[in-house]
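The values are calculated or read from the model by the stated rules, or taken from the named source; none is laboratory data. From a predicted model like this one, the values you see are computed outputs, not experimental measurements. Heads up, the Cβs are rebuilt from the backbone with ideal geometry, glycines too, and the neighbour counts pull from every protein chain shown. Remember, those area values only see protein heavy atoms, side chains included, never the ligands or the DNA or RNA. Shrake-Rupley method; radii C 1.70, N 1.55, O 1.52, S 1.80 Å.
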Amino acid sequence: MRTVDSSPRGHAADGATNRPQQAGVVLPLASAVQTERRGEPLAAPAVRKPRRRRHHAEGLEAGKRSTRALLWILLAVAMVLYGFPFLYLLFTSFKTPIDTIAVPPTILPKEWTLENYANALGRNGVLASFINSAQTAVISTLLSLVLAVPAAYGITRYKTPSGRVFIMAALVTRMVPPVAIGIPLAGMMSSVGLADTPIALSIAHTTISLPLSIWLMSSFFEAVPRDLEEAATVDGCSRLGALWRVVIPVVSGGIAVTAIFAFLASWNEFLFALLMTAIRSQTTPVVIANFQTQFGLDWGSMTALAAVYSIPVILLTLLLQRKIVAGMTLGAVKG
Amino acid sequence: MRISDRRFALFLMTPAALFLAVFVAYPLFRLVADSFFKISPIAGGPRDFVGFENYFRAFASEAFMGAGWRTLAYTAVVVTLEFALGLGMALLFTTLGRKSQVWRTVFLYPLMIAPIVAGLLWKFLMIDNFGLIGTLLHQAGILNDPNQIGWLSDPDIVLFSVAIPDIWLTTSFMCLVLFAGLQNIPGDLIEAARLDGARAPALLFRIILPLLRPVIAVALVVRGIDAARAFDTILIQTNGGPQSASETMSLLIYRTMIRFGDPGLASAMGTIYLLAMLGVAFFAVATIWRPGKDN
Amino acid sequence: MSTRKTISRFAVIGGICTAVALAATGCGAGGPSSTGGAANSTVNVLVEAGGHAELTGVAEQCKKDAGVNVNFVELPYDGMFNRLSSEFSSGNVSFDVAALDSVWLPSFKDAVQPIDELFTDEAKKDIFPALVKEANVDGHFIGMPAWTNAEIILYRKDLFEDPKNKADFKAKYGYELAAPTTWKQYQDISAFFTRDGMYGTDVKGAVETEWLAHVLQAGSPMVLDADGKVIVDNAAHKEALDFYTSLVKSAPSGAAQVDWAAAQNLFNQGKTAMTRFWAHAYRQIPKDSPVAGKVGAAAMIGGSAGVAGVPGPWYLSVPKATKNTEAAKKFVKCAYDYNSMGIESSLGLAARISAFEKYQDKPGYESFKPLIETLNGKATATRPATAKWQQIVDTVLIPTLQKAVAGGDSAALLADAKKQIEALLK
């Protein structure tokens, strides 16, 4: 295994210039990812430079002190502007209900209270909706992976014309506005007795995440050298066996990334949930939207629930950020 | 027992293909089929074949044409700003180097927020009388009165206001993608250009952007499609108003189908919309992508 | 971490997740899992937020008396209409009883069952006549009124009773400062109180019912006359629109998007001295709001045709597609029998005359007399019964209002509105 890993593909950022252009810039980025994953030899060149020129610009890096200072200030401003809305959400969730709609509005709570959280979480159906959201997301993610991994492998490894057609079909699927297929899907589900169930919603969510999953997995598979499976089949493995036992472990990181995206796509989805769920399978985004009633703007409960719904996901992201970065760049590039 | 490679590939792709056929192709087929009928909103009601009448009605309706232009405008605004801001942030992170990695991570967080939450949040920030943005701008002396700008109540600017949460949510994505692209630009190239006396603007436009073209192309197309389909954020902020000034195609189709109970007309609108998106996307892919391939 | 360990870790987690998820696949976590087939005595009742409060007490009684278990599903107004539409159109309903806004009855009349047997003679006498009429569509009663509402005037008693204000007002306008009864008085008082960061009243550009009430006060039926002709451009409509927009200068900005919730919040925050609002808002003022305890209630103002309001009744209906018809009808009957319990709820309304009369003199219910007065107003009438009403409201009435409050010409806007409505009704 080690010998394969240290093949020329894995090295250096200048892989871009001596790689045959196959599909846009997938390969160079893939190699960049692999480099990052293996402890960032990108850092290596910098260390080689003499200490007194520590701030020597690497390519695009800013060299001058004053420029760097200015840039840091810009970054700080950007961070504040960018992060402020969510902070405001958090602060508002700790205000008393009447304080949330104060005129003029304030940033910090006059008095910190957990009333909104109690109201939001204690409301009938809210905790159930969390369970539904989680359930739907898990099922949808699994479904997406089970379908996408073999398909992506088939497309990348065996460049058949049907594979190309399939990619085009996936692209078209991506373009379909959910509102167009939401009602027919709901109708289909109820005609088989699956109206208002998590499985129905999961299927709908999978239609959203499947194209992206296929693309992501394609990119990851592209980055795996064929020698691996060849070695395995020479040793007597069937093609399927080679896939399962050899290739998949190598792209396990990629599978994790794809899983994260599929999960997020389902967790945050609103329209299908609105159209297809009623009582039993209602998910939290719909519940959050429902706080906007005709007889009151219950900002307090809404922000509290939104905070509870978003924070675990944000924390998860920050923990897995490296993988997510890798996935995003590949997914976007492959298109 | 060894089936050919081609068969094996097909076999691998079949489950996904079947899934898409049943759960995407078939509903789309139903959509197109429905567009030729006048359908009663209550189940079991009449369903009359009307040929292309729904299509004529759609093109004749001011709401539909208006929604079309609005969707175009919305997409243009969102993608442009998202790209500009994303590029700016990506350049910022690149020029600041490794030290800013922590912040790069933090910058990711809006991607994890549900669009519906973002929409509610920004509605809360921009709403008249209760919104914080007006108050802050007023306190900073930029506005005479906290409610001087009717972010969500002025029909002339509401389309741009509802774009804000969308831009806020997706700038991170653009930034990431462009950052990754920037990472791949060989340092020697930049050094060489610098030695030749190139200043920052020239560096950016003559070298960096052309090199990033494939990445930019894909990102723009992908994000363009997503922006055109935007629904959650706009629905929750303004529900299409005031005076339909923020009603994009997705919202119009939703309303027509569910609120006004005209599934036939809504299906026709949906079909036209889908065809338009396909056309634009393929055109974009053909023009932007092709040249990029010959890098 | 070696790939093998990662794989096995993922496999374990994946396995557990799958097992759990698939095990619970059929049933969602919400609500009782309907066991189909056997008619069980659990009913799902689809309500809007206010309705939920109203019917909670009824639900408990129903359980005791008739053994019917009630499960409420709460949705916001828009969401509810959309849900009803999509479920009725697919033929598969997830509820057994739904609380319908009166304007929806014509749209959904083909999807709900007749409940004529619940409308006994005694019942017909105890329900407001306008509601009995409205509940009868095409010869059958399809909804049981659960509660009714109308807009009244809520005003800041403390400001109105302040001696300095009284003196200043008398000096400026020549009559005593008191709760307004006419349009002119409403305008004067609004102008008077617009100062020092406060406003006299609010103007709601995003909702249409209030303007329609003024149309009634000016002496015309709303939008359509008795023969179904479009009369939205007649003199009364124009007068009402002009009156409506004349208040913009005494109201907070952003009128085009001010809806019920925003207006209610503004009043509760003490930003407006008066508001025309649905009667239930009186009892909903939060205890910790700056205006708690300082609010008075008065009947809706009168125009040239006298006092009038638009009743906003909600009806309980049973969909044809439900599998629990027996239990559903039992619940609707309970709702009628225990209608007065609704008054104790946070929405605080009912549909039976006897219920209102029981409470009108109790402290804390000062809004009832004005409400009954408004409901009994000569010119009070219900909205036109057309299946296209929601569409007329969404696509014509509200945009017209929004343009008007932004400064448009009312005659031109109304003429335009007439054309659009006629096109819709063709």
Of all residues making up region C:232-243, the number that are in contact (Cβ under 8 Å) with a residue 24 or more places away in the chain and assigned to a loop (DSSP other than H, G, I, E, B): 2
Residue check, B:Leu87 in a helix (DSSP H, G or I), farther than 30 Å from A:Met189 by Cβ and at pLDDT below 85: no
Condition broken by C:Ala381, with the remaining ones in (1) open to solvent by 20 Å² or more (accessible area, probe 1.4 Å); (2) modelled with pLDDT under 85; (3) of a type in the set (A, V, I, L, M) satisfied: (2)
Candidate set: region B:91-116, residues that are at pLDDT 90 or above and part of a helix (DSSP H, G or I); chosen: the one surrounded by the fewest Cβ atoms within 10 Å (Cβ to Cβ): B:Pro115
Residues located in region B:85-124, provided they are within 14 Å of chain C (Cβ to nearest Cβ) and free of Cβ contacts under 8 Å to residues at least 24 places away in the same chain: B:Phe124
C:Phe95 more than 14 Å from chain B (Cβ to nearest Cβ), crowded, with 18+ Cβ neighbours inside 10 Å, at pLDDT 75 or above and touching a His at 6+ places or on another chain (Cβ under 7 Å): no
Some residue of region C:387-401 being open to solvent by 40 Å² or more (accessible area, probe 1.4 Å), closer than 18 Å to C:Leu224 by Cα, within 21 Å of the chain's Cα centre (by Cα) and among the β-branched types (Val, Ile, Thr): yes
Any hit, region B:209-230, residues being surrounded by fewer than 16 Cβ atoms within 10 Å (Cβ to Cβ) and part of a helix (DSSP H, G or I): yes
Criterion (small (Gly, Ala, Ser) and surrounded by fewer than 16 Cβ atoms within 10 Å (Cβ to Cβ)) met by exactly one of A:Gly182, A:Gly163, A:Gly122: A:Gly122
Where a residue in region A:267-281 is at the interface with chain C (Cβ under 7 Å from one of its Cβ atoms) and surrounded by fewer than 24 Cβ atoms within 10 Å (Cβ to Cβ) and its partner, wherever it lies, is of a type in the set (Val, Ile, Thr) and assigned to a helix (DSSP H, G or I), with Cβ under 6 Å and at least six apart: none
Residue check for A:Leu216: more than 23 Å from A:Pro285 (Cα to Cα), more than 9 Å from chain B (Cβ to nearest Cβ) and in a helix (DSSP H, G or I): yes
Tally, over region C:195-243, of residues that are surrounded by fewer than 17 Cβ atoms within 10 Å (Cβ to Cβ), of a type outside the set (D, E, K, R) and closer than 25 Å to C:Lys419 by Cβ: 3
Those residues of region A:170-205 which are over 18 Å from B:Asp232 (Cβ atoms), at the interface with another protein chain (Cβ under 7 Å from one of its Cβ atoms) and in contact (Cβ under 8 Å) with a residue 40 or more places away in the chain, in sequence order: A:Ala195, A:Asp196, A:Thr197, A:Pro198, A:Ile199, A:Ile203
Selection within region A:77-105 - aliphatic (A, V, I, L, M) and within 9 Å of chain B (Cβ to nearest Cβ): A:Ala78, A:Met79, A:Leu89, A:Ile101, A:Ala102, A:Val103
Complete set of residues in region A:106-152 that are more than 9 Å from every other protein chain (Cβ to nearest Cβ) and within 30 Å of C:Met198 (Cα to Cα): A:Leu108, A:Pro109, A:Lys110, A:Glu111, A:Trp112, A:Thr113, A:Glu115, A:Asn116
Of residues in region C:244-296 being open to solvent by less than 20 Å² (accessible area, probe 1.4 Å) and assigned to a loop (DSSP other than H, G, I, E, B), the one farthest from the other protein chains (Cβ to nearest Cβ): C:Ala273
Candidates B:Gly51, B:Gly66, B:Gly44, filtered to the one that is modelled with pLDDT under 90 and within 14 Å of chain C (Cβ to nearest Cβ): B:Gly44
Count of residues meeting criterion [closer than 30 Å to C:Val203 by Cα, more than 7 Å from every other protein chain (Cβ to nearest Cβ) and open to solvent by less than 10 Å² (accessible area, probe 1.4 Å)] in region B:144-180: 5
Hey, A:Ile248 under 30 Å from A:Val224 (Cα atoms), modelled with pLDDT under 85 and open to solvent by 20 Å² or more (accessible area, probe 1.4 Å) or not: yes
Region C:402-426, residues that are open to solvent by 60 Å² or more (accessible area, probe 1.4 Å) and part of a loop (DSSP other than H, G, I, E, B): C:Ala406, C:Gly407, C:Asp409, C:Lys426
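Residue-wise test of (1) open to solvent by 60 Å² or more (accessible area, probe 1.4 Å); (2) out of contact with any helix residue (DSSP H, G or I) (no Cβ under 8 Å at 6 or more places or on another chain); (3) at pLDDT 85 or above; (4) closer than 30 Å to C:Asn71 by Cβ.
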site: A:Ala32; (1), (2), (3), (4): no, no, no, no
site: A:Ala43; (1), (2), (3), (4): no, no, no, no
site: A:Arg51; (1), (2), (3), (4): yes, yes, no, no
site: A:Gly63; (1), (2), (3), (4): no, yes, no, no
site: A:Phe86; (1), (2), (3), (4): no, no, yes, no
site: A:Thr96; (1), (2), (3), (4): no, no, yes, no
site: A:Ile107; (1), (2), (3), (4): no, no, yes, no
The lone exception for C:Ile301 - which of (1) surrounded by fewer than 24 Cβ atoms within 10 Å (Cβ to Cβ); (2) away from chain B (no Cβ under 14 Å); (3) in contact with a strand residue (DSSP E or B) (Cβ under 9 Å, 6 or more places away or on another chain); (4) over 30 Å from B:Gly44 (Cα atoms) it fails: (1)
In region A:282-312, residue farthest from C:Leu46 (Cα to Cα) [restricted to those that are among the aliphatic types (A, V, I, L, M) and facing chain C (nearest Cβ under 10 Å)]: A:Leu297
Test: B:Ser244 is assigned to a loop (DSSP other than H, G, I, E, B) and either open to solvent by 20 Å² or more (accessible area, probe 1.4 Å) or at the interface with another protein chain (Cβ under 7 Å from one of its Cβ atoms) (or both): yes
Selection from region C:176-230 of residues that are of a type in the set (Asp, Glu) and assigned to a loop (DSSP other than H, G, I, E, B): C:Glu176, C:Asp196, C:Asp202, C:Glu208, C:Asp225, C:Asp227
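Considering C:Gly50, C:Gly28, which residue is more than 30 Å from the chain's Cα centre (by Cα), at pLDDT below 85, open to solvent by less than 20 Å² (accessible area, probe 1.4 Å) and within 30 Å of B:Phe260 (Cβ to Cβ)?
The conditions single out C:Gly28.
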